[in-house]
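> Below you'll find the structure I mean.
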Amino acid sequence: SENIQVLKSSGKKPDILIAEPNVSPVIVETEVIPGTTVEMDARQRLGDHLTQSNRRILSSLAVRLPLRLRDFSGQQLTNEILNASDFEIALYTGESPDSFTRWPQNGWILGNAVDLSVLIQSAAVPPAVVEEAANKLVDGVSEAAALLSDMTTAHPGAIQKICEELRQQDGEQTRRMATTILANALVFHESLARGQGDLYDVRTLDELRGKRGGVSKNELLEDWKRILKVNYWPIFDIARRILEVIPIDTARPLLDELVTTASELVANHMMRSHDLTGSVFQRLIADRKFLAAYYTHPASAALLIGLAIDSEKTPANGSWAKESDVTSLHIADFACGTGTLLSAAYRRISQLHEAAGGDAEMIHPAMMAKALIGCDVLPAAAHLTASMLAGAHPTVTYKGSAIMVAEFGPRPGGGFALGSLDLLDLQRP
């Protein structure tokens, strides 16, 4: 707070700077009402850089505080701030003081300290960062998908096998989905490489490239099998099955393209931040129509979760502060699609746990293992859902997952599987 040495521009002194690893820095400017200059101060921070890391400010908040706070000091002031619910808040995102977006467009959002904290978390993943990551992913995936298209003539059986694994018909979007799954697996691979325990033997992408300048399909599959022994099944099993059927002559240039893409995303911290993985996939699915997938709009999901989850107590009448009360919850979506609903629920639960004094990273392995349950008949949907949930804390490893592919279609022994509907049979008297 109030440090004149944190920004490169001389003389600028932000009220509050939030600089956390793997997310964009956020500045909060505060003034007591009427706060005639607080908005100008917040806008002026956009586009500036941190002195030490050179990271760019792309988000800032203007906060107008109630006038009565002037009457308190010490612990009384702390208590009044914690109990106040009439902070006036506006969020600015953009690359310069002259090019920005204000939310809301007019007026102010009324909220408390917890609301401010939640908004800061969102501000740490600004639109410009999401757009840059989405563009990099789209470019890499498109180049790789074109290689799969070339493969259809020389190896028609391979593309047919990929379609069978994805349970989709051949087409441009199916090839994009296949290469997106591979690219995403490579991003997670880099986050897990040289990790703790059994993950220590998983080589980094640079190590796999080695002196040959390219990644060997067989060596990469060996590392993915090591990861699967730990878990991460929904993310890596479908990626492994896709890669196994791609012939060597196509796999080499395809992996070169996707490894380069994954390395750029990880090197720039783009896919290691809270919610960025999910935001990028939402951009690809919803805005770009880049992947063949039905989706729930993120805003709709947030509204539904806000209505369903009480901020005062857990759905089981437990305490948000108590770790066991949170990790014992069961949040299920039996047609999870791209995972938007589950991700919105997990984000809200994490926010409430942290607002009550908890640590969302500490409970992440337990939440992934048992609390978050998702099913879908499409392997790609399970992959996207698991990726979005794991992406909440990409560098935190876990050993269990309750995201699964439900059986659908004719059964070998007769009968027909109906996906998650078959779970109803277990409830019949």
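The values are calculated or read from the model by the stated rules, or taken from the named source; none is laboratory data. A quick note: this is a predicted structure, and the numbers were derived from the prediction, not measured. Cβ atoms come from the backbone with ideal geometry, glycine included; neighbour counts cover every protein chain shown. Ligands, DNA and RNA are excluded from the accessible area calculation, which covers all protein heavy atoms including side chains. Shrake-Rupley method; radii C 1.70, N 1.55, O 1.52, S 1.80 Å.
> Taking the chain as a Gaussian network, Cα atoms linked when under 10 Å apart, which of Arg55, Arg194, Arg68 shows the biggest mean-square fluctuation?
Sorting by GNM fluctuation, first place goes to Arg68.
> Quick one: what are the phi-derived ³J(HN,Hα) couplings along segment 96-105, Karplus 6.51/-1.76/1.60 with θ = phi - 60°, whole Hz, x for glycine and proline?
6, x, 9, 9, 8, 10, 10, 10, x, 4
> If you roll a 1.4 angstrom probe over the protein chains with everything in place, what fraction of the accessible area of the chain belongs to carbon and sulfur, to the nearest %?
Summing carbon and sulfur atoms, their accessible area is 51 percent of the total for the chain.
> Continuing with the same structure: Considering only Thr180, Gly409, Gln121, whose Cα is most displaced toward the positive end of the charge dipole of the chain, charges sitting on Cβ of Lys, Arg (+1) and Asp, Glu (-1)?
With unit charges placed on the Cβ atoms, the residue in question is Gly409.
> So, one more: In what sequence, highest mean first, do 366-378, 382-394, 350-362 appear when ranked by Cβ atoms within 10 angstrom? Walk me through the intermediate numbers first.
Details: 366-378: 21.2, 382-394: 26.8, 350-362: 17.3.
Packing proxy ranking, top to bottom: 382-394, 366-378, 350-362.
> Could you compute the net charge surrounding Leu67? Neighbours are other residues with a C-beta less than 15 Å from the C-beta of Leu67; K and R count +1, D and E count -1. Each step should come with its number before you reach the end.
Working: positive: Arg64, Arg68, Arg70; negative: Glu31, Asp71, Glu80, Asp86, Glu88.
Net local charge, Leu67 excluded: -2.
> Let me ask something else about it. Quick one: net charge of Glu407's neighbours, Cβ under 13 Å, K/R +1, D/E -1?
That works out to -1.
> Given axes a ≥ b ≥ c from the Cα gyration tensor, I'd like to know whether segment 1-87 is rounded (a/c under 1.5), prolate (a/b larger than b/c) or oblate.
Prolate, since a/c reaches 1.5 and a/b exceeds b/c.
> Treating cross-link reach as a plain straight distance, find the aspartates and glutamates whose alpha-carbon is under 20 Å from the alpha-carbon of Lys8, omitting any fewer than eight places away in the same chain.
Glu20, Glu29, Asp41, Asp48, Glu95, Asp98
> For the chain, what is the mean residue ellipticity at 222 nm derived from helices alone (per DSSP H run of n ≥ 4: -39500 (n - 2.57); sum divided by total residues; nearest 500 deg cm²/dmol)?
Value at 222 nm, helices only: -14500 deg cm²/dmol.
> Ignoring ligands, DNA and RNA, what accessible area per residue does segment 60-202 give at 1.4 Å, in Å²?
48 Å²
> Hey, another quick one. Could you tell me whether the chain comes out rounded, prolate or oblate from its Cα gyration tensor? Rule is a ≥ b ≥ c as square roots of the eigenvalues, rounded for a/c under 1.5, then prolate if a/b exceeds b/c, otherwise oblate. Before the final figure, lay out the partial values.
Values: a/c = 2.18, a/b = 1.53, b/c = 1.43.
The shape class here is prolate.
> Only loop residues by DSSP count here, and only those with at most 16 other Cβ atoms within 10 Å; note down the trypsin sites (Lys or Arg not before Pro) in segment 1-47 that meet that.
Lys8, Lys12
> Further question: In sequence order, what are the phi-derived ³J(HN,Hα) couplings for segment 319-336 according to the Karplus relation 6.51 cos²θ - 1.76 cosθ + 1.60 with θ = phi - 60°, rounded to whole Hz, with x for glycine and proline?
For segment 319-336, the Karplus-derived couplings read 9, 5, 7, 8, 4, 5, 5, 7, 6, 8, 5, 10, 10, 10, 9, 8, 9, 6 Hz, x marking Gly and Pro.
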